[in-house]
Amino acid sequence: MMVKWEKVATTVREQMLASLMESGVQQGIFPGGVACLIQEGAVNVLTCGTLSQESLTGKLSEAFRSDTLFDLASLTKVTVTLPCILLSVQEGKLRLDDRVTMYLPEFSGFDAIRKDITIHHLLTHTSGLPAWRPYFTILRSKEAYLQAIAAEPLEREPGETIIYSDLGFMLLGWVLERIWGERLDRIAQRLVFDPLGMRTASFRPRDAEEIRNASVAPTELGNEFERGMALSYMDKFESGMLPEGSFGLRREQLSGLNWRREPICGEVHDANCYYGLQGISGHAGLFSTVWDLERYMKMWGKLSLIMEPLCQSAVRCQAESGTLKRGLGWELYANELYGHTGFTGTSIYRHDRMDMTVIILTNRIHPVVKDGMIEWRAVLRQALFTSQTD
């Protein structure tokens, strides 16, 4: 299996990154991918592996290219929703300690404690909202989703602990739409993508003409993984294991969904985003190449778009629960490292003091969701972000 660099690899970290990517393919953790290493302004990109399995297409699979388009999954949270919120704060459109109900009065629900949830709680995943719900099995609009989230029982009191929540970032996307009076994809284009020169970053790329000639990484063979999650949730609901008032799901509703069965390519994999929210959400839906993510991450090094105090607050510890630490949007790791991951096999890591960023784009859920990615990412962070490495 060949690893191909855009430029000749000359540093120890470049060699280590190539070895790690090759190991991931050989172990079957992902079929291939694109990786970018940025050290003190020097950028190098590698590709390895193939886009898909030949057995699924009946023809020889093409190799990954440096301009291959990926479904970023939850990287949407830190490449769209986070910067748009910070820029809204910078423009005086909102404050981090504002209550969510100031902008989404429908979120008030039926319990008084929900009204205490702030923008800061949502950004740090400390709102008390549950992590995930299979709303996509029934609901088909942001208005219906907002009503369902407003009725969802909180798992903990706001600020009490960290519960990583897709629901919270859905809410942030709708807050942005309310204060700017535009759809989220257009807000991101105007505030982030255009100023940073991000030419490929977009929601719903299949709607664009250029997708026909693009290299696009396929994801799962249908939505089997989330179908399994929905089945598990339904069993808990029917057996009374969920809190009273939780989103209800019956067997006939689940079986009635027109599930995707083919390899997903050019459409968002996340089921809530695809089926329920028409491909645009604050928690998922963005597609991009490694080159546009490299342009985006330069912002965190040069602080060119968002004021330094806001950028710095985003990467400092804002919430802590056991071993978990969160900034604003970002996850914080040991030794000043911060980053974020996406379920489809994507991740970004940055260390400001070392002035180093690593971007990893794989399609590890193609054709099915595989184990080993969490452990592989931990090895990568330890190998590349230790100060002893030259």
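The values are calculated or read from the model by the stated rules, or taken from the named source; none is laboratory data. Quick caveat, the model's predicted, so the values are computed rather than measured. Here Cβ is always computed from backbone atoms with ideal geometry, including for glycine, and neighbour counts include all displayed protein chains. Ligands, DNA and RNA are excluded from the accessible area calculation, which covers all protein heavy atoms including side chains. Shrake-Rupley method; radii C 1.70, N 1.55, O 1.52, S 1.80 Å.
Whole-Å semi-axes of the range 175-245's equivalent ellipsoid, largest first, each the root of 5 times a Cα gyration tensor eigenvalue? Before the final figure, lay out each step's value.
Values: eigenvalues 252, 97, 14 Å².
Result for the range 175-245: semi-axes of 36, 22, 8 Å.
Which FRET efficiency value, to the nearest 0.05, do you get for residue 371 and residue 140 by plugging their Cβ-Cβ distance into 1/(1 + (r/R0)^6) with R0 = 25 Å?
Working: r = 33 Å, r/R0 = 1.31.
Calculated value: 0.15.
To the nearest 0.05, how large is the calculated FRET efficiency for residue 194 and residue 2 if R₀ is 41 Å and r is the Cβ-Cβ distance?
Values: r = 36 Å, r/R0 = 0.88.
Rounded to the nearest 0.05, the efficiency is 0.70.
Figure legend: label point modelled 7 angstrom from the Cα of residue 131 along Cα→Cβ; residues of the range 142-170 with amide N under 13 Å from it are 162-167. Please report the base-10 log of the normalised intensity I(q)/I(0) for the range 137-219, using a Debye sum with one equal scatterer per alpha carbon and no solvent, at each q in 0.12, 0.20 (1/Å). Values returned for q = 0.12, 0.20 Å⁻¹ are -0.56, -1.10.
Considering only protein heavy atoms and a 1.4 Å probe, what is the carbon-and-sulfur percentage of the accessible area of the chain?
On the way: 8070 of 16370 Å².
Solvent-exposed carbon and sulfur of the chain make up 49 percent of the total.
Comparing mean-square fluctuations of 353, 183, 295 from a GNM of the chain with C-alpha springs under 10 Å, the top value falls on 353.
Full extension of the chain between residue 355 and residue 382 yields a length gain of 8.1 nm, computed as 0.36 nm times the residue separation minus the alpha carbon distance.
When peptides 116-125, 364-373, 26-35 are sorted by average Cβ neighbour count within 10 Å, with the highest value leading, the order is 116-125, 26-35, 364-373. What the pair-distance distribution of the range 239-357 shows, using all Cα-Cα distances binned every 10 Å from zero, is 10, 30, 29, 20, 10, 1 percent.
Ligands, DNA and RNA are left out, and with a 1.4 angstrom probe the accessible area of the range 116-223 is 38 Å² per residue.
In this label model, residue 334 and residue 151 are separated by 4.6 nm, measuring between points 7 Å along each Cα→Cβ vector. Modelled spin-label separation between residue 90 and residue 113, with each label point placed 7 Å from Cα along the Cα-to-Cβ direction: 3.6 nm.
Cross-link pairs exceeding 22 Å in C-alpha to C-alpha distance, out of 77/325; 93/115; 325/370; 115/142; 77/142, comprise 325/370. Between residue 62 and residue 324, residue separation times 0.36 nm minus the direct Cα-Cα distance comes to 90.4 nm.
Cα centroid separation, the range 201-259 to the range 84-104: 30 Å. Only helical runs count toward this figure. For the chain, summing -39,500 (n - 2.57) over DSSP H runs of n ≥ 4 and dividing by all residues gives -8500 deg cm²/dmol at 222 nm. Considered as an equivalent ellipsoid built on the Cα gyration tensor, the chain has semi-axes of 32, 26, 19 Å, the largest given first.
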